[in-house]
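Single-structure report; data block below.
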Amino acid sequence: MDDAQRLLLKELPKIDEILALLEKNDDAATLPRSLLVDACRHAVDGMRREIFDSAGVMDKRPGVDRAVAMAEERIRSLREPSIRRVINATGILLHTNLGRAPLCREALEEIVSISRGYSNLEFDLSTGRRGLRYDHVSEILRVLTGAEEAIVVNNNAAAVLLVLNSLSFGKEAIVSRGELIEIGGEFRIPEVMEKSGALLREVGSTNRTHLYDYENAIDPETTGMILKVHTSNFRTVGFTGEVEPAVLVELGRRHGIPLMNDLGSGCLLDLGRFGLGREPTVQDAVKSGADVITFSGDKLLGGPQAGIILGRRPVMEKIRKNPLNRALRIDKLTLGALEATLAQYLFSKNPEDHIPVLRFMTEPVDSVHHRAEELFRRLAGIGDSRFSFTTGPDVSFAGGGSLPTQEFPTRVVTVQAGHLTAHEMERRLRRGDPPVIGRIQDEKVVLDARALADDEVDIIERVFRHIAAG
């Protein structure tokens, strides 16, 4: 620490000084004292860090008035909700960082209805006795998929953990090397297996695994299950080979070993009829005879975050009785949203018209083009010569560990500002109300229209007008 830093540190105001001035503000005077003290300490800590980072050379000195302003900003930031609605103009339809699948209208209405008061979460209205929370969705899942039983937990990683712990604790789970995927957030299948207590037994090679690889690995004393993992977030092409689930089911039956099929991103619709790439459906997995199937609720299914477990009744009963099931269970709001989402598949001829992420993926490019042109017209109408707007074709992607090679033709609006860099433009959009999230490409900000709702064109125009106004 040099002499200049020491002198600046002596100028740091005392907490009591800042607090006394802060409490003169009528709004601050109504707030808990603990919050005001935290804000004052936050201000002093921030100025202290500035002194050390600046090596004693500062544009703004650490005075009490500045500390009060910093404390007031701290209170404003805590008052605003941290998690907010954003406008997704990135071109990634299931953007993990942006919350993946938007919920359908019916799911939102169900969340509001349930949260207003009490609910029959674990109460059977027909008998007046205690019920099971996942019974609210188990019947509709059985009807939709043909599975014997269903359990729902808080996400698919939890579903995989629960099944492995229930069926293969202390025993080997046989899995192809080519299926030892990373599922996001730096979590990998082998790590989830380790935490479950299952023992990893790798077979085959990265690109090719044969039936005899599985068969040679089976030991009646040490094998707990065969695990099939659908590589929903990447594709291996070229000289490749894998064993189909139905073949592994037959192998498991011969040796009395269950097969678990982890689909990752569960899909209930045949996407091929929309001209999209082939994706195994949950119904396909059930028909293959797998003992247990796991998949996500918030990816291609288009619902809330959930891990769905389907399977044969004797196996599912063992999973249900696992104490981990209680630790991983989902709440009433998620159950309500999931039930409402599943109802769209059961009662609608065209669920893709009701579930947002399916609508984004299946919407004709002409319709996306129209929305992009409307956005372009609105932005060009701002009349600020510092901005330049163009529109043109591009491609969107599913994201969220789904359909990794599928491209969705789209239309984008490209933005340049003579007085702002692309990064500064992106930052100002990101700090809008609500934030508009685009992407930077070739030193320009790109706004993809495929995942935009029609009313979000109005919002983006308003945010741009605010930026143009300074």
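Against the definition (farther than 22 Å from Gln441 by Cα, not assigned by TED's automatic domain parsing to the domain that holds Val163 and not in a helix (DSSP H, G or I)), how does Gly383 come out, yes or no?
Details: farther than 22 Å from Gln441 by Cα: yes; not assigned by TED's automatic domain parsing to the domain that holds Val163: yes; not in a helix (DSSP H, G or I): yes.
Here the answer is yes, as Gly383 does meet what is asked.
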- Query: If a residue has to be part of a helix (DSSP H, G or I) and without any contact (Cβ under 8 Å) to a residue 60 or more places away in the chain to count, how many in the range 346-368 make the cut?
  - Reply: 6
- Query: Would the range 239-261 turn up any residue that is assigned to a loop (DSSP other than H, G, I, E, B) and within 16 Å of Gly400 (Cα to Cα)?
  - Reply: no
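Quickly run through the range 97-126 and pick out the residues that are free of Cβ contacts under 8 Å to residues at least 60 places away in the same chain, among the polar types (S, T, N, Q) and under 30 Å from Val436 (Cβ atoms).
Of all residues in the range 97-126, those free of Cβ contacts under 8 Å to residues at least 60 places away in the same chain come to 97, 99, 112, 116-118, 120, 122-126.
Subsequent filtering for residues that are among the polar types (S, T, N, Q) retains 97, 120, 126.
Correct list: Asn97 only.
Any residue at all in the range 295-303 that's free of Cβ contacts under 8 Å to residues at least 40 places away in the same chain, out of contact with any Leu (no Cβ under 6 Å at 6 or more places or on another chain) and among the charged types (D, E, K, R)? Show your work before the answer.
We begin by selecting, within the range 295-303, every residue free of Cβ contacts under 8 Å to residues at least 40 places away in the same chain; these are none.
No, there is no match, as no residue in the range 295-303 is free of Cβ contacts under 8 Å to residues at least 40 places away in the same chain, out of contact with any Leu (no Cβ under 6 Å at 6 or more places or on another chain) and among the charged types (D, E, K, R).
Which of the following residues is exposed (fewer than 15 other Cβ atoms within 10 Å of the Cβ) and either closer than 24 Å to Arg100 by Cβ or among the acidic types (Asp, Glu) (or both): Ala337, Ala327? Let's see the steps before the verdict.
On the way: Ala337 fails: exposed (fewer than 15 other Cβ atoms within 10 Å of the Cβ).
Testing whether each residue is exposed (fewer than 15 other Cβ atoms within 10 Å of the Cβ) and either closer than 24 Å to Arg100 by Cβ or among the acidic types (Asp, Glu) (or both) leaves just Ala327.
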- Query: If we keep just the residues of the range 447-465 that are in contact with a Gly (Cβ under 7 Å, 6 or more places away or on another chain) and closer than 17 Å to Glu426 by Cβ, which is surrounded by the fewest Cβ atoms within 10 Å (Cβ to Cβ)?
  - Reply: Val463
- From the list Ala422, Ala451, which one is under 18 Å from Leu276 (Cβ atoms) and aliphatic (A, V, I, L, M)? Ala451
- Task: Considering each of Ala343, Ala398 in turn, give the residue that is closer than 30 Å to His136 by Cβ and outside any helix (DSSP H, G or I).
- Result: Ala398
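Look at Arg49 and say whether it is loosely packed, with under 15 Cβ neighbours inside 10 Å, closer than 19 Å to Arg79 by Cβ and not hydrophobic (A, V, I, L, M, F, W, C). Write out each step before concluding.
Working: loosely packed, with under 15 Cβ neighbours inside 10 Å: yes; closer than 19 Å to Arg79 by Cβ: no; not hydrophobic (A, V, I, L, M, F, W, C): yes.
No, not satisfied.
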- Message: Here is a check on your reading of the model: is Val249 closer than 27 Å to Met361 by Cα, touching a residue at least 12 places away in the same chain (Cβ under 8 Å) and not aromatic (Phe, Trp, Tyr)?
- Response: no
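The values are calculated or read from the model by the stated rules, or taken from the named source; none is laboratory data. Fair warning: this is a prediction, and the values are worked out from it, not measured in the lab. With ideal geometry, Cβ positions are generated from the backbone for all residues, glycine too; neighbour counts draw on all protein chains shown.
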